[in-house]
Amino acid sequence: MGQALGCIQVDQSNVAIKETFGKFDEVLEPGCHCLPWCLGSQVAGHLSLRVQQLDVRCETKTKDNVFVTVVASIQYRALAESAQDAFYKLSNTRNQIQAYVFDVIRASVPKLDLDSTFEQKNDIAKTVETELEKAMSHYGYEIVQTLIVDIEPDVHVKRAMNEINAASRMREAASEKAEAEKILQIKRAEGEAESKYLSGMGIARQRQAIVDGLRNSVLAFSESVPGTSSKDVMDMVLVTQYFDTLKEIGASSKSNSVFIPHGPGAVKDIASQIRDGLLQGNSAAE
């Protein structure tokens with residue numbers, strides 16, 4: 001109805017291209033405009049000024065011969081002051097932007113190895129944006145932002161990278177485990193050595209105390225009973241201990257059978273052996 005009356009409405013964030021008898025006349029801003037069609041005026045088309053996004057998937061090869069797929073997101077918009085160039089100079093804006101992106105990525109990524117490609121993706125995006133800005137500014141378009149949103153290596157390469165990472169972590173874990181076991185064994189050995197050392201000191205002190213006690217007992221008994229010698233007292237003490245030992249063995253419910261020689265002669269031999277051993281220990285201690 002509006003066109004029949006010679007009026008046209010241009011929506012916000014859009015411009016319209018007005019032609020007169022097929023020749024460009026002017027750019028119509030948002031709002032209502034008079035368009036006398038009877039004088040050859042017509043609208044050739046509309047152009048959006050909103051920011052648009054184009055996702056480009058580009059397959060290329062890195063310096064170390066790994067094929068990767070680089071996904072770039074290009075955000076661009078037409079400039080109102082250059083709407084004439086944006087409308088007339090490019091026939092397929094998205095395909096032409098995609099061609100520039102392909103050219104820049106395939107020129108940049110082959111200079112980097114795979115790890116550097118991941119690390120320098122912001123530099124790649126900046127290069128793409130710079131080159132696009134140079135090219136598209138002549139056609140009335142502004143490159144708002146360029147992002148490298150994904151870098152996808154071949155599936156076999158990804159699997160190999162994961163296996164390498166897993167093997168490295170397992171090797172590190174095994175090394176840490178071995179180090180921990182080594183420390184544990186060292187500490188256990190140190191503890192056993194300290195325990196045996198203290199146990200030996202305790203046994204030595206015990207034996208020294210027994211020897212000192214027996215010596216004091218023999219001296220006291222010799223002084224209390226006239227006519228007895230130290231040898232007599234020692235024999236009596238040893239025989240008494242011998243019978244006490246037999247009593248303890250017989251009273252224990254968990255003791256096994258013990259065969260020892262018994263008799264006056266055997267007791268005398270045992271007393272002689274014990275006495276000699278104590279005397280030798282006492283001499284060594286002194």
Query raised in the report: Looking only at residues in region 61-96 that are touching a Leu at 6+ places or on another chain (Cβ under 7 Å) and of a type in the set (D, E, K, R), which one is nearest to ARG159 (Cα to Cα)?
Result: ASP64
**Report entry** Tally, over region 152-169, of residues that are out of contact with any Ser or Thr (no Cβ under 6 Å at 6 or more places or on another chain) and either in a strand (DSSP E or B) or surrounded by fewer than 11 Cβ atoms within 10 Å (Cβ to Cβ) (or both)
**Finding:** 11
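Which ones in region 6-25 are assigned to a loop (DSSP other than H, G, I, E, B) and open to solvent by 20 Å² or more (accessible area, probe 1.4 Å)?
Residues of region 6-25 assigned to a loop (DSSP other than H, G, I, E, B): 6, 11-13, 21-22.
Hits for region 6-25 are ASP11, GLN12, SER13, PHE21, GLY22.
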Requested in this report: Starting from region 114-127, keep only residues that are under 16 Å from PHE67 (Cβ atoms), then list their pairs with residues that are open to solvent by 70 Å² or more (accessible area, probe 1.4 Å) and not basic (Lys, Arg) whose Cβ atoms are within a distance under 6 Å, requiring at least 6 positions of separation or different chains.
Outcome: LEU114/ASP64
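The values are calculated or read from the model by the stated rules, or taken from the named source; none is laboratory data. Since this is a predicted model, take the numbers as computed values, not measurements. Every residue, glycine among them, receives a Cβ derived from its backbone with ideal geometry; neighbour counts consider all protein chains shown. Accessible surface is based on the protein model in full, side chains and every heavy atom, while ligands, DNA and RNA are left aside. Shrake-Rupley method; radii C 1.70, N 1.55, O 1.52, S 1.80 Å.
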